[in-house]
Amino acid sequence: MLKRLLPSLILLIALPLPAALAQQDCAAIAGCDPRSGLPAAILAEYPEPNVRPLVVDDAVLYDRVYRRVSGGLQVYDAPGGALVTTTGPGFSYVTVKAVQGEWSQIDVNRWVLTSNLSDDVLISRFAGVRLPAEPLPYPMAWTLRHLRPSAAPGGNESPNNPFLYRYTRVNLYTYVEVDGKRWYQVGDGQWIHQFDVAKITPIPRPAEVDTERWIAVDLYEQVLVAYEGETPVFSTLVASGLKQWPTNEGLFHIYLRYPRTSMSGAYQQADFYYLQEVPWTMYFDGDIALHGTYWHDGFGYRHSHGCVNLSITDAKWLYDWSAAEFDFNIPNDTGAAVYVYSSGTYDS
């Protein structure tokens with residue numbers, strides 16, 4: 001299937017499950033009309049997903065002052081001091097510890113000109129959801145852009161339908177295919193194209209998963225689900241590697257954790273990046289990690305150099321929750337299993 005691309009951003013097959021109602025074509029469901037979908041009376045029995053969003057804690061989001069660097073990253077050992085390093089142009093973010101005149105301190109004996117830093121960084125307030133003990137009667141999805149649902153499958157957005165902000169949680173009641181693509185019913189007379197939603201689809205526990213707490217990352221949907229045994233307990237949107245820097249599929253384990261760590265790559269190259277104090281980092285595949293992200297709000301789309309980006313809120317929850325799989329008394333102990341797969345195929 002062709003997968004969506006996010007405007008303005010750089011932007012295996014799923015294991016079989018018992019079919020939920022939304023995984024069935026409307027034509028296969030008694031009483032479902034291919035133009036209007038399921039009747040309003042059925043929708044009214046379950047009007048919204050039974051999930052609990054994580055609480056967004058401002059003290060966690062804003063415990064650092066993040067700034068983007070304009071142009072090259074030139075670092076000095078003191079205000080007006082000697083040049084320590086320069087990287088040339090790239091994608092760089094730093095955290096400011098103190099300000100002295102026209103200089104900003106980013107680390108011990110490391111200073112940059114404040115004029116080379118952005119005024120502010122807009123940190124995502126997106127948060128994933130805790131899942132109930134019982135399976136959801138209909139799959140839940142997040143909308144991936146601001147939109148008004150169409151009045152019928154394959155139609156244009158309807159001015160009579162409610163405006164849904166990006167990241168709105170919706171039920172997927174059923175679907176109808178138009179030109180080989182699914183249109184999901186999300187309400188009475190409300191339909192959304194499959195490229196405009198990212199859905200939660202729990203999978204059976206793979207036989208090779210050897211930890212009680214484990215994480216599945218669906219690269220096609222850009223959705224992560226955390227499990228305890230066979231039970232999904234949490235889900236959220238992620239942003240994995242772009243086509244040229246893919247996130248590898250397979251089974252891994254978290255082997256190294258940092259509450260804060262710096263990341264950089266492609267030194268002196270066009271795609272150079274430097275990210276200071278990346279929060280709640282969990283390495284699982286070489287230098288590929290699950291981690292919090294303060295520099296973009298592109299969750300639900302591929303966006304990284306291979307890492308699995310999460311909102312800061314989600315990354316902290318996952319970091320704390322997965323700690324139970326570590327035994328810090330055992331040298332080189334590995335943590336929660338991370339199963340990376342694709343439930344579909346990108347055409348680009």
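The values are calculated or read from the model by the stated rules, or taken from the named source; none is laboratory data. In this text, all values refer to a predicted model and were calculated from it rather than measured experimentally. Backbone-built Cβ (ideal geometry, glycine too); neighbour counts: all protein chains shown.
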For this session: Determine which member of the set Thr168, Thr231, Thr236, Thr247 is farther than 21 Å from Ser36 by Cβ, of a type outside the set (Gly, Ala, Ser) and not assigned by TED's automatic domain parsing to the domain that holds Trp280.
Result: Thr168
For this session: Quick one: which residue in Arg145, Arg125, Arg110 is within 30 Å of Arg52 (Cβ to Cβ), basic (Lys, Arg) and either surrounded by 14 or more Cβ atoms within 10 Å (Cβ to Cβ) or modelled with pLDDT under 95 (or both)?
Result: Arg145
Problem set entry | Extreme residue, nearest to Pro232 (Cα to Cα), among residues of region 123-166 that are of a type in the set (Val, Ile, Thr) and not in a loop (DSSP other than H, G, I, E, B) | Val129
Exercise. Which condition does Gly72 not pass, out of (1) small (Gly, Ala, Ser); (2) modelled with pLDDT of 95 or more; (3) at negative phi, if it passes all the others?
Worked result: (2)
Exercise. Within the bounds of region 320-328, is there any residue that is surrounded by fewer than 23 Cβ atoms within 10 Å (Cβ to Cβ), touching a His at 6+ places or on another chain (Cβ under 9 Å) and modelled with pLDDT under 95?
Worked result: yes
Exercise. Among the residues of region 44-53, is any small (Gly, Ala, Ser) and at pLDDT below 95?
Worked result: no
Exercise. For region 57-66, which residues satisfy the criterion of being part of a loop (DSSP other than H, G, I, E, B) and exposed (fewer than 15 other Cβ atoms within 10 Å of the Cβ)?
Worked result: Asp57, Tyr62, Asp63
Exercise. Somewhere in region 250-271, is a residue surrounded by fewer than 16 Cβ atoms within 10 Å (Cβ to Cβ), at pLDDT 95 or above, of a type in the set (S, T, N, Q) and farther than 30 Å from Asp58 by Cβ?
Worked result: no
Seminar exercise, completed: Among strands (runs of 3 or more DSSP E) entirely inside region 256-336, those with 2 or more residues being in contact with a strand residue (DSSP E or B) (Cβ under 8 Å, 6 or more places away or on another chain) and hydroxyl-bearing (Ser, Thr, Tyr) are 256-265, 273-285
Exercise. Does region 190-204 hold any residues that are part of a loop (DSSP other than H, G, I, E, B), surrounded by 17 or more Cβ atoms within 10 Å (Cβ to Cβ) and either of a type outside the set (Val, Ile, Thr) or more than 23 Å from the chain's Cα centre (by Cα) (or both), and which are they?
Worked result: Pro202
Problem set entry | Of all residues making up region 222-236, the number that are among the polar types (S, T, N, Q) and outside any strand (DSSP E or B) | 1
Exercise. Restricting region 30-55 to residues that are within 30 Å of Thr313 (Cα to Cα) and surrounded by 16 or more Cβ atoms within 10 Å (Cβ to Cβ), which is nearest to the chain's Cα centre (by Cα)?
Worked result: Leu54
